[in-house]
Amino acid sequence: SSKNLSLESAIDKESDLLEPLRSRADLIVDTSEMSVHELAEMLRTRLLGKRERELTMVFESFGFKHGIPIDADYVFDVRFLPNPHWDPNLRPMTGLDKPVAAFLDRHTEVHNFIYQTRSYLELWLPMLETNNRSYLTVAIGCTGGKHRSVYIAEQLADYFRSRGKNVQSRHRTL
């Protein structure tokens, strides 16, 4: 306290200052025995009518040559998959373009990677959803961040979106 009050005196003074508001309050919460997580859960339930917050899944493509996203919870490397960059017709395009998608879709290993990554995320998603998280960021990286990573990120985003999950996708290099 700036007036050299003891902690007990400062709390008493704060209580006196808040008394006029207390009589008008709809809800008074004693937080002295609550953790921050318990307080967040109680407020979410009271204010939003929800027991649990909804987890937002973010699928982010990136190029390893530009660095790994610092906010990523999971990072998957797809540089081993067939690279559309080596086809002169596909090079100027991105993983959002149909010809690039068709190129990648022809390869079994691309389908296998998507399936295995989906399965991994589905296995752990229930625990992540109950772990008081707001976001789960899944970063998918290839060399330049234009073709493979973009396509894979979009495929995963579409899959989880189709299952009713709150999903965002973003592409760092596009």
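The values are calculated or read from the model by the stated rules, or taken from the named source; none is laboratory data. Since the structure is predicted, the reported quantities are computational estimates derived from the model, not experimental observations. When we count neighbours, we look across all protein chains shown, and the Cβ atoms used for this are built from the backbone with ideal geometry, even at glycine.
So here's what we get for this one:
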item	result
Count - residues of region 73-82 that are in contact with a Ser or Thr (Cβ under 7 Å, 6 or more places away or on another chain) and either in a helix (DSSP H, G or I) or not charged (D, E, K, R) (or both)	2
Residue pairs meeting the criteria (Cβ under 9 Å; at least 6 apart or on separate chains; first more than 23 Å from Leu47 (Cα to Cα), in region 9-30; second of a type in the set (Ser, Thr, Tyr) and assigned to a loop (DSSP other than H, G, I, E, B))	Ser9/Ser1; Ala10/Ser1; Lys13/Ser1
Residues located in region 118-143, provided they are out of contact with any Leu (no Cβ under 6 Å at 6 or more places or on another chain) and crowded, with 18+ Cβ neighbours inside 10 Å	Leu121, Thr137, Val138, Ala139, Ile140, Gly141, Cys142
Subset of region 73-94 [out of contact with any Gly (no Cβ under 9 Å at 6 or more places or on another chain), closer than 18 Å to Ser169 by Cα and of a type outside the set (Val, Ile, Thr)]	Asp73, Tyr74
Residue tally, condition in a loop (DSSP other than H, G, I, E, B), modelled with pLDDT of 95 or more and on the phi < 0 side of the Ramachandran plot, over region 44-69	2
Conditions (1) surrounded by 12 or more Cβ atoms within 10 Å (Cβ to Cβ); (2) without any contact (Cβ under 8 Å) to a residue 60 or more places away in the chain; (3) of a type in the set (Gly, Ala, Ser); number of the one not met by Ala102	(1)
One residue from Gly63, Gly67, Gly144 being touching a Cys at 6+ places or on another chain (Cβ under 8 Å), of a type outside the set (Asp, Glu) and not assigned by TED's automatic domain parsing to the domain that holds His37	Gly63
Count - residues of region 144-165 that are exposed (fewer than 15 other Cβ atoms within 10 Å of the Cβ) and either assigned to a helix (DSSP H, G or I) or among the small types (Gly, Ala, Ser) (or both)	3
Residue within region 91-103 that is over 17 Å from Gln155 (Cβ atoms) and assigned to a loop (DSSP other than H, G, I, E, B) present	yes
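Residue-by-condition table, conditions (1) in contact with a helix residue (DSSP H, G or I) (Cβ under 9 Å, 6 or more places away or on another chain); (2) at pLDDT 95 or above; (3) among the aliphatic types (A, V, I, L, M):
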site: His107; (1), (2), (3): no, yes, no
site: Ser119; (1), (2), (3): no, yes, no
site: Asn131; (1), (2), (3): no, no, no
site: Tyr151; (1), (2), (3): yes, yes, no
site: Leu156; (1), (2), (3): yes, yes, yes
site: Arg170; (1), (2), (3): yes, yes, no
site: Leu174; (1), (2), (3): yes, no, yes
